[in-house]
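Participant: The structure follows.
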Amino acid sequence: MSPSAVTEPGSRDPPDSKSPAITKDGQKRTIYHLDRHLHKDFPVVVSGKGNHLFTKDGRTIFDTTSGAAVSCLGHGNERVINAVHKQMTTGIPYLASSYWGSEIVDDLCKELINGTDGKMAKVYLTGSGSEAMEASAKLARQYFYENDKQTPRVNFIAREGSYHGNTIGALGISGHVARRAPYLPFLMPNVHHIPACNAYRQRKEGETDESFVARKALELEEKFLELGPETVIAFIAEPVVGAALGCVPYVPGYLRVMRDVCHKYGALLILDEVMCGMGRTGTLHAWQGEGVAPDLQTIGKGLGGGYQPIAAVLISEKVVNRLSDGSGQFVHGQTYQGMPVQAAAALEVQTILREENLMQNVATQGAYLEKRLKSLLADHPHVGDIRGKGLFWGLEFVRDKKTKEPFDPKLGVAQRVSDLALSPLYNMTLYPGGGTVDGVSGDHVILAPSYIVTKDDIDYIAKVTSDVVHQVFQEIGSL
Ligand SMILES: Cc1ncc(COP(=O)(O)O)c(C=O)c1O
């Protein structure tokens, strides 16, 4: 090893390498972390404060996406940092949840249950949204298994254009074509997908909300009947679809009719609010916009706001009672779940959200963001749709606005928009996504700023987004 290969612990400066990345200043550095893209040179972030991230090469980035809709309080929140620190100093950041209780964990669960209008009874904590989805699927199966060890309930119904996580179980539930593709041979065969609830692409000319959602309920009912209603465990959906479709919200009435179909056949409704929940859409839970509580609900991301890895399943009384009256235990568990330090962070995040009435800010600034985006971009010939709720907005790009024909995926339109936004010209994040139309074609970007944004921030975000979009399509037009 040459002397130059010796690096300080944690340093990303270069030792010799067979495949060094070339940084923008011309230096070579080897990345030992398996980054998501092996041939991309991610800007190195060294600190953060409020809505800003600061990079090693001296740039200040406006974080319009809260990472992946995670950092709902922005970065460097002193109260949350102090709460984490305080818990660390007790000497028990971790406790084995299989044999210890913890007051702070229970305080968090109480805070979460209080936020559900009394609709949920208990909380199961996990370390990630994918784990929460796995746990919710197992809980749903166990709900039937408790009563009948030979239960025929083996099927899940989920939706196309959905993302529920990357573990094999959660990916099996997901309808995200590109993320599923490499693993198809061993994804669960007992998950069946029906179309999403996508008003932009599915609503027929003149169709009212009522008849549109009635059609959606029929699609679900037909799937139940095709599979045999007595074989279905649950229907699983994101109330506002995040990464897979780019902030596509449920159409009013949808949650109610879908829940009614599930309950008609004795199946459960599972709502995945990992991305759209915990205040992101202007109510603490997205289902509260419609007052339709699920039987099981997953949350994550904004729960801990990025200060700790934490997610959860919220469990209705009906499911809790089934376990409690039956075996009395949930046949599941992982090492890093329900850690006091995770709970300390999430409890502080949720307390701040409540005490500072940040839901109101999400609703107010969200409405303003919608107005600004629509005023700047609705007439753009390649912005097909601007949709979302609260501080969760998606722009869908199309080649032809009339036919809604997408761009050739080879053009990588959404990635170009995101790359240009993050370039030193604009220094702002935009979350790109592809496969918006059919899992392969289609482009969107997501905006999901922190709940602490001001009106000025929204003006800035909307202006930069508009400038970036205009510039990208000028460049594409000249290709
Ligand atoms: C709706 C939804 N469900 C589940 C997940 C998986 O969560 P995690 O990445 O924390 O495992 C995600 C992640 O993006 C998500 O958006």
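The values are calculated or read from the model by the stated rules, or taken from the named source; none is laboratory data. Because the structure is predicted, anything quoted here is derived from the model rather than measured. Note that each Cβ is placed from the backbone with ideal geometry, even for glycine, and that neighbours are counted across all protein chains shown. With ligands, DNA and RNA removed, areas are computed over all heavy atoms of the protein, side chains included. Shrake-Rupley method; radii C 1.70, N 1.55, O 1.52, S 1.80 Å.
Participant: All but one of (1) touching a Phe, Trp or Tyr at 6+ places or on another chain (Cβ under 9 Å); (2) within 14 Å of the ligand (Cβ to nearest atom) hold for Cys262, so report the exception by its number.
Facilitator: So Cys262 meets the others, but not (2).
Participant: Before we move on, is Glu146 in contact with a Leu (Cβ under 8 Å, 6 or more places away or on another chain) and either open to solvent by 40 Å² or more (accessible area, probe 1.4 Å) or assigned by TED's automatic domain parsing to the domain that holds Leu323 (or both)?
Facilitator: So Glu146 passes the test.
Participant: Another one. Report, ordered by the first and then the second residue, all pairs with beta carbons closer than 6 Å, sequence separation of six or more or different chains, a first member in the stretch 366-379 that is touching a residue at least 12 places away in the same chain (Cβ under 8 Å), and a second member that is surrounded by fewer than 17 Cβ atoms within 10 Å (Cβ to Cβ).
Facilitator: Matching pairs, first to second residue: none at all.
Participant: Here's something else I'd like to know. Can you name the residue in the stretch 304-342 that is open to solvent by 60 Å² or more (accessible area, probe 1.4 Å) and assigned to a helix (DSSP H, G or I) and, of all such residues, is farthest from the ligand (Cβ to nearest atom)? Step through it out loud before you land on a result.
Facilitator: Residues of the stretch 304-342 open to solvent by 60 Å² or more (accessible area, probe 1.4 Å): 309, 317-318, 321, 324-325, 327, 329, 331, 334-336.
When the remaining residues are screened for being assigned to a helix (DSSP H, G or I), the result is 317-318, 321, 324-325.
Working: Glu317: 24, Lys318: 23, Asn321: 26, Ser324: 27, Asp325: 30 Å.
If we take residues in the stretch 304-342 being open to solvent by 60 Å² or more (accessible area, probe 1.4 Å) and assigned to a helix (DSSP H, G or I), then Asp325 is farthest from the ligand (Cβ to nearest atom).
Participant: Also, quick follow-up: Quick check on this structure: which one of Arg36, Arg79 is within 16 Å of the ligand (Cβ to nearest atom) and open to solvent by 40 Å² or more (accessible area, probe 1.4 Å)? Don't jump to the end; show me each part of the working.
Facilitator: Values: Arg79 fails: within 16 Å of the ligand (Cβ to nearest atom).
Step by step, each of Arg36, Arg79 is checked, and only Arg36 is within 16 Å of the ligand (Cβ to nearest atom) and open to solvent by 40 Å² or more (accessible area, probe 1.4 Å).
Participant: Among the residues of the stretch 270-291, how many are within 12 Å of the ligand (Cβ to nearest atom) and small (Gly, Ala, Ser)?
Facilitator: 2
Participant: Could you please find all residues in the stretch 263-283 being in contact (Cβ under 8 Å) with a residue 40 or more places away in the chain and crowded, with 24+ Cβ neighbours inside 10 Å?
Facilitator: Ala267, Leu268, Ile270, Asp272, Val274, Met275, Cys276, Met278, Gly279, Arg280, Thr281
Participant: Looking at Val177, Val232, can you tell me which residue is of a type in the set (Val, Ile, Thr) and open to solvent by less than 30 Å² (accessible area, probe 1.4 Å)?
Facilitator: Val232
Participant: Could you go through the stretch 42-65 and let me know if any residue there is touching a helix residue (DSSP H, G or I) at 6+ places or on another chain (Cβ under 8 Å), open to solvent by 20 Å² or more (accessible area, probe 1.4 Å) and not β-branched (Val, Ile, Thr).
Facilitator: yes
Participant: Looking at (1) in contact with an Asp or Glu (Cβ under 7 Å, 6 or more places away or on another chain); (2) open to solvent by 20 Å² or more (accessible area, probe 1.4 Å); (3) assigned to a loop (DSSP other than H, G, I, E, B), which one does His193 not meet, given that it meets all the others?
Facilitator: Answer for His193: the failing condition is (3).
Participant: Residues in the stretch 94-128 that are more than 24 Å from Arg322 (Cβ to Cβ), open to solvent by less than 30 Å² (accessible area, probe 1.4 Å) and within 16 Å of the ligand (Cβ to nearest atom): how many?
Facilitator: The qualifying residues number 1.
Participant: If we keep just the residues of the stretch 26-56 that are on the phi < 0 side of the Ramachandran plot and more than 34 Å from the chain's Cα centre (by Cα), which is modelled with the highest pLDDT?
Facilitator: So, considering only residues that are on the phi < 0 side of the Ramachandran plot and more than 34 Å from the chain's Cα centre (by Cα), the one modelled with the highest pLDDT is Lys28.
Participant: Can you report the number of residues in the stretch 302-333 which are within 23 Å of the chain's Cα centre (by Cα) and at pLDDT 95 or above? Steps first, answer last, please.
Facilitator: Residues of the stretch 302-333 within 23 Å of the chain's Cα centre (by Cα): 302-316, 333.
Filter once more, keeping what is at pLDDT 95 or above: 302-316.
Of the residues in that region, 15 qualify.
Participant: If you don't mind, another one. So which residues in the stretch 196-223 are in contact with a Lys or Arg (Cβ under 7 Å, 6 or more places away or on another chain) and assigned to a helix (DSSP H, G or I)?
Facilitator: Selection gives Tyr200, Arg201, Phe212.
Participant: Quick one: in the stretch 170-196, which of the residues that are in contact (Cβ under 8 Å) with a residue 40 or more places away in the chain and over 20 Å from Ser136 (Cβ atoms) is nearest to the ligand (Cβ to nearest atom)?
Facilitator: Checking each candidate, the answer is Ala178.
Participant: Can you name the residue in the stretch 131-169 that is more than 20 Å from the chain's Cα centre (by Cα) and within 16 Å of the ligand (Cβ to nearest atom) and is also nearest to His193 (Cα to Cα) among such residues?
Facilitator: My answer is Phe156.
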